[in-house]
Amino acid sequence: MKVTAERIDNHKVVLEMEVPQVEVAKALDKAYARLASKVNIPGFRKGKAPRNILEMRVGKQALLDEAFDILAPTAYNKALADEKIEPVGRPQIEVVTLDESQPLVFKATIVAKPEIKLGEYKGLKVASTAAEVTEDQIKAQIDGLLDHNAKMVVAEGAALENGDFAVIDFEGFIDGIPFSGGEGKGYPLQLGSASFIPGFEEQLLGAKAGEEREVNVSFPEDYHVKELAGKASVFKVKIHDVKRKELPELDDDFAKDVSEFDSVEELKADIKNKLEQAAQEKAEKDFRTAVIKQATDNASVDIPEVMVEDRINHMIEELDISLQNRGMKLENYMQYANMDMETLRQNYREAAQINVKTDMMLEAVAKAENVEVKPEDMEAEVVAMAQSYGASPEQVSKIIREQGRIGDLAASIIRKKAAQFLIDNAQKE
């Protein structure tokens, strides 16, 4: 087989393949056998109709097309291997010559995965943060426990302040007409929570139980209900009660109630230990992220647009799955966030570009350092995936095989091992 490669630009390559006529003849014989076994021709058993009769039935072009489908994949893959090209996305195929008496000639226009040029990646010096825990952090955790276990009590005769809960009835009007969703009864609104329209909560400050107020606010221009966006409104509000949190005493009895410890000191020590562990994990994660980012920044590559678009597609698919797992739909999410698909894709573009470059950098590091995937690596990854999905390793292995994702799994492991190589060879400053 003859192969010529012509580079159109930095990314596109046109491969022209010529398959000898003798191979075309063999493929036509196979094509005849395939079609004959599929087509019913009166007077003949399936698969036994003479070739000329079959051609009259399905047309000669159908035989040639079937022969092309037999020859093209093998020729295309061999051409890629010979020219050492890794394609990105599907090729654009153009048939030049397809005839039983001539060699098959066809072209494939492809986007070739570019070579990435590694910069410095071994012995990177990266600043690391100290995993320190302050008394203020411990106090914040204790305050959170106290707040979580607080009781809500009616503040008799008190005027509403920020942090107070106002138990209210409300009804909203636009141009004097009530609107759908603008009414509530016995609603506990915490002032200062910013859970209502901007300006609403501030207009209740100073009110007491039994008082009625009119609140004048405008809906934000980007409000998720389009019919209300930007509209001026009036809410009639009645305050039924003013409630405040009553915090429990921070003593040993409190420690026993909220934990397995017998004293406040033991509780504080446990909180400190957990905060230190969390801080250490964050410091390590930040260090890993910084090392990989630096290695990525040091590398250079001209990324084809199709690779970025494919990664955006993947990211949106992951978002869709995540939303479905939470009982939501992607369409509803975009409507609530006031964005269309074009805006969503644009929001993902920068991250997609970084992710593609990072993966290419890690693959290049793996190649440069002869990083390999061993059977035990594959087994460990399958076990980890099974644990995260709540399935058995056998089930996960079956899905991976059925979906043809063994190569993807191996590539993922390669990148993880390359990332660990960078971490192991980096220095903390």
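Say the cut-off is 30 Å between C-alpha atoms; which of K272/K329; K113/K329; K12/K398; K139/K329; K84/K357; K78/K357 go over it? Walk me through the numbers before you get to the answer.
Values: K272/K329 41 Å; K113/K329 34 Å; K12/K398 37 Å; K139/K329 40 Å; K84/K357 20 Å; K78/K357 28 Å.
Over 30 Å Cα-Cα: K272/K329; K113/K329; K12/K398; K139/K329.
What is region 151-246's relative contact order, in percent, from Cα pairs under 8 angstrom and six or more apart in sequence?
The normalised contact order for region 151-246 reaches 41 percent.
List the pairs from K293/K367; K122/K282; K185/K245 whose alpha-carbon separation is above 30 Å, in the order I gave them. All intermediate terms of the calculation are to be shown ahead of the outcome.
On the way: K293/K367 19 Å; K122/K282 23 Å; K185/K245 21 Å.
Those over the limit do not exist; all pairs fall within it.
Less than 12 Å apart at the alpha-carbon level, and either on another chain or at least 8 residues along: which aspartates and glutamates does that give for K236?
Of all the aspartates and glutamates, those that pass the test against K236 - Cα under 12 Å, at least 8 places apart if same chain - are D169, E171, E183, E211, E212, E214.
For the chain, what is the relative contact order in percent, using Cα pairs closer than 8 Å and at least 6 residues apart in sequence?
16
Return a whole-number percent for the relative contact order of region 78-194, with Cα pairs under 8 Å and 6 or more residues apart as the contact set.
15
Please go through region 259-367 and write out the trypsin sites (Lys or Arg not before Pro) that DSSP classes as loop and that have at most 15 other C-beta atoms within 10 Å.
R326, K329
Among residues other than A352 whose Cβ falls under 12 Å from its Cβ, what is the net charge (Lys/Arg +1, Asp/Glu -1)? Please report the intermediate quantities before stating the final value.
Values: positive: R311, R345, R349, K357; negative: E305, E309, D310, E318, E350, D359.
Around A352, the surrounding residues sum to -2.
Rounded to the nearest 500 deg cm²/dmol, what is the calculated helix-only ellipticity per residue at 222 nm for the chain, with -39500 (n - 2.57) per DSSP H run of length n ≥ 4?
So the helix-based figure for the chain works out to -16000 deg cm²/dmol.
In whole Hz, what ³J(HN,Hα) sequence does region 83-93 give by Karplus (6.51, -1.76, 1.60; θ = phi - 60°), x for Gly and Pro?
8, 6, 10, 9, x, 10, x, 7, x, 9, 9
Can you give the convex hull volume per residue for the Cα atoms of region 151-246, as a whole number of Å³?
89
Tell me which label goes with the value of Cα extents along the principal axes in Å computed from the coordinates here: (1) 84, 69, 46; (2) 71, 50, 42; (3) 102, 62, 44.
(3)
In whole Hz, with x marking every Gly and Pro, tabulate ³J(HN,Hα) for region 97-102 from phi via Karplus 6.51 cos²θ - 1.76 cosθ + 1.60, θ = phi - 60°.
9, 9, 8, 5, 9, 9
By its C-alpha gyration tensor, with a ≥ b ≥ c as the square roots of the eigenvalues, how is region 264-428 shaped: rounded for a/c under 1.5, else prolate for a/b larger than b/c, else oblate?
The shape class here is rounded.
Work out from phi, with θ = phi - 60° and the Karplus expression 6.51 cos²θ - 1.76 cosθ + 1.60, the ³J(HN,Hα) of each residue of region 233-250, listed in order in whole Hz, and give x for Gly and Pro.
Those phi angles translate into 9, 10, 10, 8, 10, 10, 8, 8, 9, 10, 10, 10, 7, 10, 7, x, 6, 7 Hz.
Two-decimal Rg/Rh of region 2-112 from alpha-carbon positions, Kirkwood Rh?
Taking Rh as the inverse mean 1/r over Cα pairs, Rg/Rh reads 1.09.
Can you find, among A232, A49, L191, the residue sitting farthest towards the positive end of the charge dipole of the chain, where Lys and Arg contribute +1 and Asp and Glu -1 at Cβ?
A49
Taking springs between alpha-carbon atoms closer than 10 angstrom, which of T343, T74, T289 fluctuates most in the Gaussian network model of the chain?
Largest GNM mean-square fluctuation: T74.
The numbers here are math on the coordinates, done by the rules we state, and not lab data. Since we're looking at a predicted model, the values are computed, not measured. Neighbour counts are summed over all protein chains in view; Cβ atoms, including those assigned to glycine, are modelled from backbone coordinates with ideal geometry.
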